[in-house]
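To start, the structure itself, in structure tokens.
Please treat every number below as a calculation from the coordinates, not as lab data. Computed from a predicted model, the values in this text were never measured in an experiment. A quick note on method: Cβ atoms are made from the backbone with ideal geometry, for glycine too, and the neighbour counts reach across all protein chains shown.
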Amino acid sequence: MTHKNPQTREWQTLSSDHHLAPFSDFKQLKEKGPRIITHAKGVYLWDSEGNQILDGMAGLWCVAIGYGRDELAEAASRQMRELPYYNLFFQTAHPPALELSKVIADIAPEGMNHVFFTGSGSEGNDTMLRMVRHYWAIKGQPNKKTIISRVNGYHGSTVAGASLGGMTFMHEQGDLPIPGIVHIPQPYWFGEGGDMSPEEFGIWAANQLEEKILELGVDNVGAFIAEPIQGAGGVIVPPDSYWPRIKEILAKYDILFVADEVICGFGRTGEWFGSDFYDLKADMMTIAKGLTSGYVPMGGLIVRDEVVAVLNEGGDFNHGFTYSGHPVAAAVALENIRILREEKIIQHAHEKTAPYLQKRLRELSDHPLVGEVRGVGLLGAIELVKDKATRARYEGRGAGMICRQFCFDNGLIMRAVGDTMIIAPPLVISEAEIDELVTKARKCLDLTLSALQG
Ligand code: PXG
């Protein structure tokens with residue numbers, strides 16, 4: 001491939017000689033070379049070849065306030081000069097982590113007033129698994145160990161995170177899941193609902209939770225974990241019947257409920273948390289991504305008061321990370337949340353841009369390649385099909401990957417999960433930028449259809 005900028009080749013050589021990239025085919029990437037992203041502003045990225053790209057994925061679902069906010073850089077720089085590092089172990093603490101825990105308690109649902117900080121969402125879910133088991137052990141029920149999760153859920157890439165997740169292609173590498181984690185079917189009507197109506201299928205999928213609890217015995221089940229809307233699995237918005245039925249089941253059995261808010265949290269649905277959107281009463285919520293808008297790494301686990309009351313009786317919780325509550329990350333998170341609040345970014349998305357995005361995206365439903373458009377807030381999915389009526393796919397043709405490449409080449413980042421195209425732009429995307437996103441998406445759907453038929 002020829003390059004306008006000779007540095008592109010140099011960087012690609014560094015990649016091929018020295019870098020092992022996440023979720024990549026190392027050999028293939030060596031041959032092809034990565035696209036080099038050099039800078040960003042608002043909702044736009046620029047690559048080393050000078051191309052401007054509309055980032056329809058907010059990085060990896062994280063850049064809520066958009067790129068290039070100097071206030072976050074300044075908050076980090078101030079904190080680095082004041083106290084670049086100290087830990088929260090051994091009965092010490094520092095102001096940014098403490099102030100952040102209070103701010104998070106303010107925005108979290110009622111009764112969730114404590115936070116355990118981690119460096120990432122995966123670590124948040126590892127923390128969850130250990131805390132759930134510790135909680136039940138303190139209560140004298142150490143057998144309540146098993147965590148129920150869902151097929152095609154995503155909960156991270158550490159050993160516990162990948163085990164909690166329901167991604168078969170991850171389980172296949174490294175002998176996962178670890179013992180004590182079981183999966184129930186997902187509420188993915190378009191892909192798996194068959195002849196059932198979405199409502200019937202939602203009830204069926206929710207009832208799988210009750211069946212699994214009864215099969216395992218409630219005395220052996222510690223918790224159920226789920227994303228309010230599955231993100232990495234393909235923006236799977238459950239049928240309306242799903243969450244109300246799950247809530248009934250959770251109310252009936254003495255198990256904890258963990259909402260993985262790593263993607264849905266911090267405004268993605270147009271509410272602060274996906275749990276607010278669906279009125280879920282979680283015992284624990286995993287957070288990351290939008291917490292710092294991705295500017296620095298940080299995650300955590302928000303814990304309900306009643307659970308904390310039990311943990312308080314349990315002595316030491318033997319768990320934590322060097323970077324739990326890192327002061328620079330905490331200072332950046334505080335500034336990020338201040339901006340989200342003071343600029344009313346989530347409220348504006350809720351009232352204006354989210355409804356606009358959902359309306360404009362649904363206009364793509366008339367495209368011959370599109371079997372369904374769905375979404376909530378600033379999350380969207382477009383299903384690519386061969387036959388709209390039967391929901392049949394272009395089997396084995398890689399339609400999603402073809403579409404993703406056309407998007408890249410036409411200045412738009414839209415991810416492909418199989419043949420589902422997904423978007424999650426920064427929450428600050430404007431109506432004009434949404435118009436640009438939808439226009440580019442339609443053009444790429446046209447190009448994909450021609451490629452599949454040609
Ligand atoms: N829970 C959820 C719901 C996530 O989406 C994690 C936990 C783990 O967070 P960390 O910070 O450990 O990555 C995630 C992360 C993708 C993709 O391909 C999604 C994530 C990460 C990497 C890739 O969409 N989500």
Open item on the list: With +1 assigned to the C-beta of every Lys and Arg and -1 to the C-beta of every Asp and Glu, and no other charges, what is the dipole magnitude of the chain about the Cα centre in debye, to the nearest 20?
Closed with: 720 debye
Open item on the list: Please compute the length gained on full extension between ASP366 and GLN453, using 0.36 nm multiplied by the number of residues separating them and subtracting their Cα-Cα distance.
Closed with: 29.5 nm
Task: Set of lysines near LYS252 by C-alpha distance (under 29 Å), chain-local residues within fewer than 8 positions excluded - done: LYS139, LYS144, LYS145, LYS212, LYS281
Task: Order of CYS407, CYS444 under a 10 Å beta carbon neighbour criterion, fewest first - done: CYS444, CYS407
TODO: Would you work out if the chain is rounded, prolate or oblate? Take a ≥ b ≥ c from the square roots of the eigenvalues of the alpha-carbon gyration tensor; rounded if a/c is under 1.5, else prolate when a/b is larger than b/c, oblate otherwise.
DONE: oblate
Task: Label-to-label distance, nm, for residues given as THR38 and LEU14 (7 Å Cα→Cβ offset) - done: 1.3 nm
Task: Distance in nm between pseudo-label sites at ASN312 and LEU60 (7 Å out along the Cβ direction from Cα) - done: 3.7 nm
Task: Fewest-first ranking of LYS252, LYS440, using other Cβ atoms within 10 Å as the exposure measure - done: LYS252, LYS440
Task: Inter-label distance for ILE178 and GLU342, nm, one decimal - labels placed 7 Å from Cα along Cα-to-Cβ - done: 4.2 nm
Task: Which of SER275, SER48, SER293, SER450 has the fewest Cβ neighbours within 10 Å, and the rest in rising order - done: SER450, SER48, SER275, SER293
TODO: Rounded to whole Hz and in sequence order, give me ³J(HN,Hα) for segment 363-377 from the Karplus expression 6.51 cos²θ - 1.76 cosθ + 1.60, θ = phi - 60°, writing x for Gly and Pro.
DONE: 4, 6, 4, 6, 6, x, 8, 9, x, 6, 10, 9, x, 8, x
- [ ] Among the lysines, select those whose C-alpha is under 22 Å from the C-alpha of LYS32, and discard any that sit fewer than 8 residues away in the same chain.
- [x] LYS4
